[in-house]
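Enquirer: Encoded as structure tokens, here's the structure I'll be asking about.
The values are calculated or read from the model by the stated rules, or taken from the named source; none is laboratory data. Here the structure is a predicted model, which means the values were calculated and not measured. No Cβ is skipped: glycine too gets one built from the backbone with ideal geometry, and neighbour counts run over all protein chains shown.
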Amino acid sequence: MLKEKNKDSCVYCSMLTPFIKMGKGYSFAPMENKDEGKKSFQSISDSSPLVKGNKVSYKEALREVKKIIRLEESIHIDGFSTDLQSMYKVIDFAEKYRASINHMCSDELNIFFSAFQKYGGSFVSFNELKKRADFVLMVGARQEDFSSYFFKDLNWNKQKKEKTIFFLNHRKIDKCSDIVDKINYLKSFLLEDNTSKDLKLNNLKAKFIKSKFPVVLANIKKKDYALTHSIFDFVKFVNKKNRIKIFNIFGSHNSGGFVNACVTKTGYPNAINFTEIGPLYEPNLISLERQKNIKNIQIYISNFDPNPNLLFFKNNIFIGHPNFVEKNKVDVFLPTTTPGFDANGLIVRSDNGGILKLEKNFDSNYPSPIELIEEIQKN
């Protein structure tokens with residue numbers, strides 16, 4: 001788990017993901033309500049719906065949303081930092097209104113799938129990494145970048161860590177300083193019958209050759225196309241001599257759940273445009289920057305991040321986090337319950353090793369995203 005600010009109060013702590021980004025100003029934890037004598041969501045955020053920054057009822061806000069959709073029609077839906085059930089409902093909504101959809105982590109997903117579709121690869125869950133890995137090559141992250149959660153969950157003693165984990169960023173390999181050059185050099189060095197003047201590099205090679213379950217753990221969060229493709233190419237090339245696997249490298253904001261929901265509904269992993277002839281997979285076209293010039297309405301859904309990187313369209317509707325930082329700037333703001341706090345929910349674990357249940361901890365008066373989407377669809 002790579003370090004993040006306010007990690008201890010993050011709903012994703014149990015997701016076993018090294019790569020979490022919650023955004024600036026993340027402050028979301030239940031507090032004691034002095035009046036009620038119990039934990040309550042309302043005690044930290046008593047948000048109400050807003051229309052152009054003015055407080056209104058949910059009924060009035062929903063009426064405004066319907067008006068915007070009726071007048072403008074063309075819709076792009078983004079964010080999707082929410083639970084699985086809400087994702088399914090929103091995707092159904094997108095299909096009905098011929099909208100385009102994408103996730104706030106779309107850059108990571110696009111880079112990942114472009115490399116995976118070209119090179120292929122075999123993946124491991126966190127549990128497999130923990131119990132079976134005897135050689136782990138860390139790429140794109142230094143040891144100090146990792147929080148104690150990762151190593152705590154790994155539960156390896158100091159000797160096991162030192163014998164098993166190799167940080168490529170720490171090593172100077174044959175005068176190579178660039179990480180991509182290091183990967184390319186290592187690719188040929190591991191397979192050829194040669195040695196190096198660098199004893200540590202020879203030791204790495206010897207342990208790799210003897211390993212029965214080698215794994216590459218890469219930081220795709222860097223959004224580096226060349227790095228990601230070089231990693232997948234490295235794995236494909238090395239697999240000719242020794243089977244090596246990849247620890248799954250995406251999962252922030254339930255992006256793994258978004259992929260799961262999209263594949264279930266359409267057969268495509270992300271970046272989908274619903275048209276009259278059916279869903280189209282358009283990862284190079286469906287970005288916020290491009291959709292802003294095509295669509296008039298943006299519906300942004302974010303339950304887990306109060307300060308997402310929002311790019312404003314002509315009309316903007318936000319559904320989600322009650323503490324949304326820019327709630328006064330959007331046309332309509334609709335606060336909702338948040339899975340893991342004042343609602344139950346399901347998310348896909350970052351290693352795609354299964355479903356993680358988020359349990360309700362306290363009550364609030366907010367409606368769920370599903371309830372709001374259902375109301376918007378009503379005449």
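Enquirer: Being at pLDDT 80 or above, closer than 18 Å to D224 by Cβ and assigned to a helix (DSSP H, G or I) narrows it down to one residue among K163, K182, K207; which is it?
Expert: Numbers: K163 fails: closer than 18 Å to D224 by Cβ; K207 fails: closer than 18 Å to D224 by Cβ.
Step by step, each of K163, K182, K207 is checked, and only K182 is at pLDDT 80 or above, closer than 18 Å to D224 by Cβ and assigned to a helix (DSSP H, G or I).
Enquirer: Does V235 satisfy the condition of being of a type in the set (V, I, T), in a helix (DSSP H, G or I) and more than 22 Å from D92 (Cα to Cα)? Spell out how you get there, then give the answer.
Expert: Values: of a type in the set (V, I, T): yes; in a helix (DSSP H, G or I): yes; more than 22 Å from D92 (Cα to Cα): yes.
Considered against the rule, which asks whether it is of a type in the set (V, I, T), in a helix (DSSP H, G or I) and more than 22 Å from D92 (Cα to Cα), V235 comes out as yes.
Enquirer: Can you tell me which condition E326 does not meet? The list is (1) in contact with a Phe, Trp or Tyr (Cβ under 9 Å, 6 or more places away or on another chain); (2) part of a loop (DSSP other than H, G, I, E, B); (3) modelled with pLDDT under 95; (4) not basic (K, R), and all the others hold.
Expert: Against the list (1) in contact with a Phe, Trp or Tyr (Cβ under 9 Å, 6 or more places away or on another chain); (2) part of a loop (DSSP other than H, G, I, E, B); (3) modelled with pLDDT under 95; (4) not basic (K, R), E326 comes up short only on (3).
Enquirer: Output the number of the condition that Q298 fails; it satisfies all remaining conditions of (1) out of contact with any strand residue (DSSP E or B) (no Cβ under 6 Å at 6 or more places or on another chain); (2) crowded, with 22+ Cβ neighbours inside 10 Å; (3) closer than 23 Å to K327 by Cα; (4) modelled with pLDDT of 90 or more.
Expert: Checking Q298 against (1) out of contact with any strand residue (DSSP E or B) (no Cβ under 6 Å at 6 or more places or on another chain); (2) crowded, with 22+ Cβ neighbours inside 10 Å; (3) closer than 23 Å to K327 by Cα; (4) modelled with pLDDT of 90 or more, the one that fails is (1).
Enquirer: Just one of (1) over 16 Å from the mean Cα position of the chain (by Cα); (2) surrounded by 20 or more Cβ atoms within 10 Å (Cβ to Cβ) trips up S81, so point out which.
Expert: Only one criterion in (1) over 16 Å from the mean Cα position of the chain (by Cα); (2) surrounded by 20 or more Cβ atoms within 10 Å (Cβ to Cβ) is unmet by S81, namely (1).
Enquirer: Can you pull out every residue in region 301-330 that is surrounded by fewer than 22 Cβ atoms within 10 Å (Cβ to Cβ) and not polar (S, T, N, Q)?
Expert: Once the filter is applied, which keeps residues that are surrounded by fewer than 22 Cβ atoms within 10 Å (Cβ to Cβ) and not polar (S, T, N, Q), region 301-330 yields L310, L311, F312, K314, V325, E326, K327, K329.
Enquirer: Modelled with pLDDT of 95 or more and within 19 Å of the chain's Cα centre (by Cα): does that describe I272? If you could, list the steps in order and put the result at the bottom.
Expert: Working: modelled with pLDDT of 95 or more: yes; within 19 Å of the chain's Cα centre (by Cα): yes.
Spelling it out, I272 is indeed modelled with pLDDT of 95 or more and within 19 Å of the chain's Cα centre (by Cα).
Enquirer: Evaluate the following for I249: is it among the β-branched types (V, I, T), modelled with pLDDT of 90 or more, crowded, with 22+ Cβ neighbours inside 10 Å and touching a strand residue (DSSP E or B) at 6+ places or on another chain (Cβ under 9 Å)? Working first, answer last.
Expert: Details: among the β-branched types (V, I, T): yes; modelled with pLDDT of 90 or more: no; crowded, with 22+ Cβ neighbours inside 10 Å: yes; touching a strand residue (DSSP E or B) at 6+ places or on another chain (Cβ under 9 Å): yes.
Criteria not met by I249.
Enquirer: Could you list, in sequence order, the residues of region 311-330 that are at negative phi, in contact (Cβ under 8 Å) with a residue 24 or more places away in the chain and not aromatic (F, W, Y)?
Expert: K314, N315, I317, I319, H321, P322, N323, V325, K327, N328, K329, V330
Enquirer: Sticking with this one: From the set of residues in region 348-367 that are in a loop (DSSP other than H, G, I, E, B) and under 21 Å from the mean Cα position of the chain (by Cα), which is farthest from I317 (Cα to Cα)? It would help to see each step written out before you state the result.
Expert: Let us first name the residues in region 348-367 that are in a loop (DSSP other than H, G, I, E, B), namely 349-354, 359-367.
Checking which are under 21 Å from the mean Cα position of the chain (by Cα) leaves us with 349-354, 359.
Working: R349: 28, S350: 28, D351: 31, N352: 30, G353: 33, G354: 32, E359: 27 Å.
Among those residues, the one meeting the criterion is G353.
Enquirer: When you go through K55, K39, K34, K96 one by one, which is the residue that is at pLDDT 75 or above, surrounded by fewer than 18 Cβ atoms within 10 Å (Cβ to Cβ) and either more than 30 Å from I355 (Cβ to Cβ) or touching a strand residue (DSSP E or B) at 6+ places or on another chain (Cβ under 7 Å) (or both)? Working first, answer last.
Expert: On the way: K39 fails: at pLDDT 75 or above; K34 fails: at pLDDT 75 or above; K96 fails: either more than 30 Å from I355 (Cβ to Cβ) or touching a strand residue (DSSP E or B) at 6+ places or on another chain (Cβ under 7 Å) (or both).
Among K55, K39, K34, K96, only K55 is at pLDDT 75 or above, surrounded by fewer than 18 Cβ atoms within 10 Å (Cβ to Cβ) and either more than 30 Å from I355 (Cβ to Cβ) or touching a strand residue (DSSP E or B) at 6+ places or on another chain (Cβ under 7 Å) (or both).
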